[in-house]
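> Before I ask anything, here is the structure I am working with.
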Amino acid sequence: MKVYVVANLKGGVGKTTTTVNVAYTFSEMGGRVLVIDLDPQCNCTRFFAKVNGYSKTVRDVLENPKGINSAVYRTKYQDIDIVKGSVKITEQKTPWRLKEALGYLKKGNVAAISTFGYLEKDYDVCLIDTRPVFDMLTMNALYAADVFLTPVKFDNFCRDNLTMVEDAYHEILENNPDLKWKIFANMVSNTKAQKLSSEDLIAKHDYPFMQSCSRTAIVDNALSLYKPVAKHRVMSNVAQDFIDLVEELLED
């Protein structure tokens with residue numbers, strides 16, 4: 001199982017949008033997906049399942065890593081399961097609890113190697129949504145991750161923000177040396193300001209930008225309906241953008 005953490009220090013860049021659409025696209029391409037909502041706002045959970053006080057949540061997982069299987073719920077999408085978010089999640093004293101929990105995921109009775117080439121676990125990929133702060137909660141996700149995926153929006157704050165994210169990434173490497181960092185340009189438009197920002201970032205800085213990017217059209221409508229873009233409008237350019245993103249992620 002490959003673990004992707006979607007994280008950034010800046011809000012409003014589409015972390016949840018990216019998590020939801022990448023998860024859905026992976027599943028449509030034949031993968032079994034586990035989503036973990038580590039953001040106390042629980043926005044990612046609302047796309048896949050009901051938020052209520054009777055379910056076990058990621059809070060329970062962090063308090064008792066061995067009990068993770070009882071906190072995994074089926075969603076309305078056949079090949080996507082979720083560990084729900086919690087508004088009552090507590091600050092963590094250690095960054096290793098989530099990594100420990102993932103080691104206890106139930107072994108599956110898989111008859112053959114899946115589309116993504118994995119056999120030993122129920123899930124091919126795990127997507128973890130986070131809040132825009134690198135506290136001990138987010139560190140739990142990043143210490144468990146194989147890929148650190150940072151959505152960005154090209155604006156005046158993007159460059160300074162990425163400098164801070166890069167510094168945090170290098171600190172994380174001390175404890176997770178195999179973690180790969182990838183940057184995904186989200187909500188891209190054809191404005192002059194965005195062009196100038198993107199040209200400056202790509203030409204003057206050695207950031208690991210992916211070739212894929214996502215445009216802004218129809219995303220808001222899909223978000224308001226709590227649907228992945230491809231479910232809302234399967235033939236749209238934005239749905240294809242996320243297909244391109246997943247295909248690029250699978251190349252590595």
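The values are calculated or read from the model by the stated rules, or taken from the named source; none is laboratory data. All values derive from a computational prediction rather than experimental measurement. In this analysis, Cβ positions are derived from the backbone assuming ideal geometry, glycine residues included, and neighbour counts consider all displayed protein chains. Just the protein is used for accessible areas: all its heavy atoms, side chains included, with ligands, DNA and RNA removed. Shrake-Rupley method; radii C 1.70, N 1.55, O 1.52, S 1.80 Å.
> What figure in square angstrom, to the nearest 10, would you give for the accessible area of Y104 with a 1.4 Å probe?
Y104 exposes around 90 Å² with every protein chain in place.
> Right, another one. With the cut-off at 1.5 for a/c, could you classify region 1-111 from its C-alpha gyration tensor as rounded, prolate or oblate?
Rounded.
> Tell me which aspartates and glutamates have Cα within less than 12 Å of K15's Cα, excluding those fewer than 8 residues away on the same chain?
Reachable aspartates and glutamates: D37, D39, D129.
> Collect residues whose amide H, placed 1.01 Å from N in the peptide plane, falls under 5 Å from the amide H of V3; neighbours closer than 5 in sequence don't count.
C126, D146, V147
> Give me the percent of the accessible area of region 1-99 that comes from carbon and sulfur atoms, probe 1.4 Å, all protein chains in place. All intermediate terms of the calculation are to be shown ahead of the outcome.
Numbers: 1880 of 4060 Å².
Summing carbon and sulfur atoms, their accessible area is 46 percent of the total for region 1-99.
> For region 146-183, which GluC sites (Glu not before Pro) are in a loop by DSSP, counting at most 15 other Cβ atoms within 10 Å?
Listed in order of number, the matching sites are E174.
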